[in-house]
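Enquirer: Take this structure, written in structure tokens, and hold onto it; I'll ask about it next.
The values are calculated or read from the model by the stated rules, or taken from the named source; none is laboratory data. Here the structure is a predicted model, which is why all the values come from computation and not from measurement. As a convention, Cβ positions derive from the backbone with ideal geometry for all residues, glycine included, and neighbour counts pool all protein chains shown. We work out accessible area using only protein heavy atoms, side chains counted, and drop any ligands, DNA or RNA first. Shrake-Rupley method; radii C 1.70, N 1.55, O 1.52, S 1.80 Å.
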Amino acid sequence: MAVMDALNVAKMDVMGLSYGGFVAYSMAAQFKERVGRVVLGCAGVSLEEKDMEEGLSQMSSVDEAVSILLPQTPEKARELMRLTFHKPPQTLPTCVLNDYIEVMCTEYRQEKKELIQALGKDRKLSNLPKITQPTLLVWGEYDQLFPLELAHRLKSHIGENAELVIMKNVGHALNVEKPKELCKHMKSFLIHTLPPTKQ
């Protein structure tokens, strides 16, 4: 929000994918008067600490999540691709995966690890504040990181101000697998509609 202040942005719509959705949700909850509409893409905001232990996600523990989400080997990077894409690329050269690891998973690794560890710690849906802004939830039908059950849970938590769109044949990386369709949904929600009325 400090960046928005520095840019003299008084009111804004926010959109976040995956972890960015946690940020967007938090902004909407904390700054109700400044955030208009909210778009959350595959953002497991409704994740509870017990969900991993109970097998909701493909990752059974926080340590496993760290090893997959911050891969340090090409094999772990391939595992990340299998979990984030519904149809992962069949071949990815090791050199490309090593570049990804170097650029995305090396710098600030400890901080990223702590962030992942904090995501699920002591999380309960009952402690999640309800946002009141019109909210679009866009989810991949085959999301294995934050399964579709979390989308339905979050829609129910937010209530009548939330709309859920399930993108077919897409995993967690919906912005990579079907970017045009994602943009179409966002454009329809953010630009082409009047503020929603209670239905």
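Enquirer: What's the number of the condition H86 fails, among (1) within 22 Å of W139 (Cβ to Cβ); (2) modelled with pLDDT under 95; (3) not hydrophobic (A, V, I, L, M, F, W, C)?
Expert: (2)
Enquirer: Any residue that is charged (D, E, K, R), open to solvent by 10 Å² or more (accessible area, probe 1.4 Å) and part of a loop (DSSP other than H, G, I, E, B) - is there at least one of those in region 61-84?
Expert: No; the residues of region 61-84 include none that is charged (D, E, K, R), open to solvent by 10 Å² or more (accessible area, probe 1.4 Å) and part of a loop (DSSP other than H, G, I, E, B).
Enquirer: Shifting gears a bit: Condition (residue is aliphatic (A, V, I, L, M) and in a helix (DSSP H, G or I)) applied to region 120-128: is it met by at least one residue?
Expert: yes
Enquirer: Still on this structure, I have one more. Anything in region 32-54 that is open to solvent by 50 Å² or more (accessible area, probe 1.4 Å) and at pLDDT below 80? List them, or say none.
Expert: Residue satisfying the conditions is E53 alone.
Enquirer: Ok, one more. So which pairs qualify, if the first residue must be in region 157-169 and part of a strand (DSSP E or B), the second must be surrounded by 17 or more Cβ atoms within 10 Å (Cβ to Cβ) and small (G, A, S), the Cβ gap must be under 7 Å, and the two must be at least 6 apart or on different chains?
Expert: Every condition considered, the pairs that remain are L164/A151; M167/G140.
Enquirer: Given the criterion of a type in the set (A, V, I, L, M, F, W, C) and either touching a Phe, Trp or Tyr at 6+ places or on another chain (Cβ under 6 Å) or in the same structural domain as V176 (by the TED database) (or both), identify the matching residue among A65, A43.
Expert: Only one candidate passes the filter, namely A43.
Enquirer: Turning to a different aspect of this structure: Taking region 114-142 on its own, how many of its residues are surrounded by 15 or more Cβ atoms within 10 Å (Cβ to Cβ) and within 17 Å of the chain's Cα centre (by Cα)?
Expert: 15
Enquirer: Identify the residue in region 98-113 that is within 15 Å of L80 (Cβ to Cβ) and in a loop (DSSP other than H, G, I, E, B) and, among all such residues, is nearest to the chain's Cα centre (by Cα).
Expert: If we take residues in region 98-113 being within 15 Å of L80 (Cβ to Cβ) and in a loop (DSSP other than H, G, I, E, B), then C105 is nearest to the chain's Cα centre (by Cα).
Enquirer: Pairs needed: first member in region 72-89, of a type in the set (S, T, N, Q); second member anywhere, crowded, with 17+ Cβ neighbours inside 10 Å; C-beta distance under 6 Å; at least 6 residues apart or different chains.
Expert: Going by the 6 Å Cβ cut-off, the qualifying pairs are T84/G171; T84/H172; T84/A173.
Enquirer: Within region 74-97, work out how many residues are under 20 Å from the mean Cα position of the chain (by Cα) and of a type in the set (A, V, I, L, M, F, W, C).
Expert: Here the count works out to 5.
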